[in-house]
Amino acid sequence: MKIRQGLAGVVLGAALVGCGVQPTGVVDAGESAAGLSRGMRLYYESDTGLRAVPMLDRKIEALDWVVKLLLSPPPAGQGEGLTTLVVMPGPYSATGKGKRVTLRMEGLYPGDGKGQLVCSLARAQSVLDPKVRAAEVEVTLKPSEGAALGPHRCAEFLNR
C-alpha cells in the first residue's frame, strides 16, 4: 500500500510540474500602503466624529486656503450629515515647514473645530511637502491671547 501511495505522489508531482505553470520571481509593486492615504482632504464633524471629504477638484497652494474652506459649509453633494465647527475670531495665518504647522490667530481661540483644523492642516502639509506623511505632522494653534494649543497630531482626534 505504501508503494502505491508513494507512486501516486510521484505521478501527481510530475503532472503538476508538467502542467505549463511557470515559476515566477518576486514582482515589485512599489511601497506598501501605510498611514493616511495621499491627496487633499478636509475634515468635517459628523455624529460619529471627524470625516474626511476628498477635495479632488481643488489644487492646494497654501495652508491659509484650508482654513478659509473650513470656515464655509462642507461641499454640496459630499457634506450630508457633516458640519464645520471652525470659527476664526479675526485674522489668521497658517505656515508649515517639514512636519510642523503653526496656525496663528487674533484673539482667543473659541475652542471648537480643533480636530478639523489639525487634521485638515496636517493633510494639506503632506500634500504641499510630499516627503512628509500626514500622520507625522504636528499642528500648533497660537492665539494672540491665551496659551498655545498643541502640538497635536490628527490621530488624537480620530475615532473619538
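Just so it is clear, none of the values below were taken in a lab; they were calculated from the coordinates. Please read all numbers here as calculations on a predicted model, not as lab measurements. For neighbour counting, all protein chains shown are included, and Cβ atoms are generated from backbone atoms with ideal geometry for every residue, glycine included.
Mind checking the full-extension length gain between residue 158 and residue 47? Use 0.36 nm per residue of separation minus the Cα-Cα distance, one decimal, nm.
Extending this stretch completely gives an extra 38.7 nm.
Order these peptides, 39-50, 116-127, by their mean beta-carbon neighbour count within 10 angstrom, highest first.
By packing density, highest mean first, the sequence is 116-127, 39-50.
Give me the net charge for the shell around residue 55: Cβ to Cβ below 11 angstrom, other residues only, Lys and Arg +1, Asp and Glu -1.
Once all neighbours under 11 Å are counted, the net charge is +3.
Highest mean first, what order results for 58-65, 149-156, 107-114 on Cβ atoms within 10 Å?
149-156, 107-114, 58-65
List the lysines whose alpha-carbon lies under 28 Å from that of residue 114, not counting same-chain residues fewer than 8 positions away?
Hits, sequence-local ones excluded: 59, 68, 97, 99, 131, 142.
Need the full-extension length gain, residue 56 to residue 147, defined as separation in residues times 0.36 nm minus the C-alpha distance. One decimal, nm.
Value of the extension gain: 29.2 nm.
What are the ³J(HN,Hα) values, in whole Hz, obtained from phi via the Karplus relation 6.51 cos²θ - 1.76 cosθ + 1.60 with θ = phi - 60°, for each residue of segment 154-159 in sequence order, with x given for Gly and Pro?
Karplus values, whole Hz, x for Gly and Pro: 4, 4, 5, 10, 8, 6.
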